[in-house]
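J.: There's a structure below that I have some questions on.
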Amino acid sequence: MLYFGTPVVLVTTRNTDGSANITPMSSAWALGSSVVLGLSDNGQAVPNLERERECVLNLPSAPLWEDVERLAPLTGRDPVPAAKADRYRHVRDKFAAAGLTPQPAETVRAPRIAECPLQLEAEVVSIEPGKEGGFQIVETLVRRVHAAEDITIPGTQHIDTGRWHPLLYVFRHYFGIGERLGRTFKAET
């Protein structure tokens, strides 16, 4: 896998019944106000994004890696797709499963994750199938940014990179800025 190192994003979306879904992912990059996501076809996020056309991109800090890993083997899909059946299980309330707190968003209906110091409310611009199959490329446009006070430069709207320690996913291992924090259940080494 070419997970050479990107930030972890917890994508929150709404299910058909209005409940929340959290999808942990690590294939995201930003350019200006656009954030592009690579999401598996086998999860609940893509159908939710196709239907709702909005989400929140929650960026956890490094100390939240264990909460993220609690989400990793869970799926919002019921029944669990055959491709995931051997390693994943369906959980309806992922907030409770991970010990996270939902927080209302301001411009979208999906909730934010209170524990994440950086939250991006976004609308879906496009969804295209990946050339290799098995995933979708989702382009979003960020409409509102929420940053915790303790990671911003006082008196500005800028992130203080000396105080923001994003959770990174590098070749299936979790890192902060510095030493390795742990490894995902999918890691082979």
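J.: Compute the normalised compactness of the chain: alpha-carbon radius of gyration over 2.2 N^0.38 Å, N being the residue count.
T.: Rg over 2.2 N^0.38 Å, computed on Cα atoms: 0.97.
J.: Also: Taking the Cα centre of the range 1-54 as origin, work out the dipole magnitude from +1 charges on Lys and Arg Cβ and -1 charges on Asp and Glu Cβ, in debye rounded to 20.
T.: The dipole of the range 1-54 has a size of about 80 debye.
J.: Something else: Label Thr107 and Arg51 with points 7 Å out from Cα along Cα→Cβ: what is the distance between them in nm?
T.: Taking the simple label geometry, Thr107 and Arg51 are separated by 2.4 nm.
J.: Pick from Ala83, Ala45, Ala110: which residue has the top mean-square fluctuation in a GNM of the chain where Cα pairs under 10 Å get a spring?
T.: Most flexible of the set in this elastic network: Ala83.
J.: If you don't mind, there's one more thing I want to ask. Any idea how far apart Ala148 and Thr6 come out in nm if each label point goes 7 Å out from Cα toward Cβ?
T.: If labels sit at Ala148 and Thr6, their model points lie 2.4 nm apart.
J.: Which of the listed residues, Gln103, Phe4, Asn58, is farthest toward the dipole's positive end in the chain, when Lys, Arg count +1 and Asp, Glu count -1 at the beta-carbon?
T.: Projecting each Cα onto the dipole axis, the largest value belongs to Phe4.
J.: Only sites in a loop by DSSP and with at most 16 other Cβ atoms within 10 Å count here; which GluC sites (Glu not before Pro) in the range 10-108 make the cut?
T.: Loop-located and lightly packed - Glu106.
J.: Then there's this: Cα centroids of the range 90-124 and the range 150-168: how far apart, whole angstrom?
T.: When both Cα centres are located, 20 Å separates them.
J.: For the chain, with a Gaussian network of springs between Cα atoms less than 10 Å apart, report the residue from Leu57, Leu100, Leu120 with the top mean-square fluctuation.
T.: Leu100
J.: Sticking with this one: Kindly state, to the nearest 0.05, the FRET efficiency for Asp160 paired with Arg70, given R0 = 35 Å and r defined as their beta-carbon distance.
T.: Efficiency computed from Cβ-Cβ geometry: 0.80.
J.: Next question. Taking the chain as a Gaussian network, where each spring joins two C-alpha atoms under 10 Å apart, which residue of Lys94, Lys84, Lys131 fluctuates the most?
T.: Of Lys94, Lys84, Lys131, the most mobile in the Gaussian network model is Lys131.
J.: While we're on this one: Roughly speaking, what is the stretch gain from Arg183 to Glu132, that is 0.36 nm per residue apart minus the C-alpha to C-alpha distance, in nm to one decimal?
T.: This chain segment gains 15.7 nm when fully extended.
J.: Give or take rounding to whole Å, what are the principal axis extents of the alpha carbon atoms in the range 47-101, in descending order?
T.: Here the Cα extents, ordered largest to smallest, are 33, 29, 17 Å.
J.: Same structure, new question: With label points built 7 Å along Cα→Cβ from the Cα atoms of Ala30 and Arg92, find their separation and express it in nm.
T.: 3.5 nm
Every read-out reported here was derived from the displayed coordinates using simple, explicitly stated rules and does not represent laboratory data. These numbers come from a predicted model, not from an experiment. Quick reminder, even Gly has a Cβ in these numbers, built from the backbone with ideal geometry, and neighbours come from all protein chains shown.
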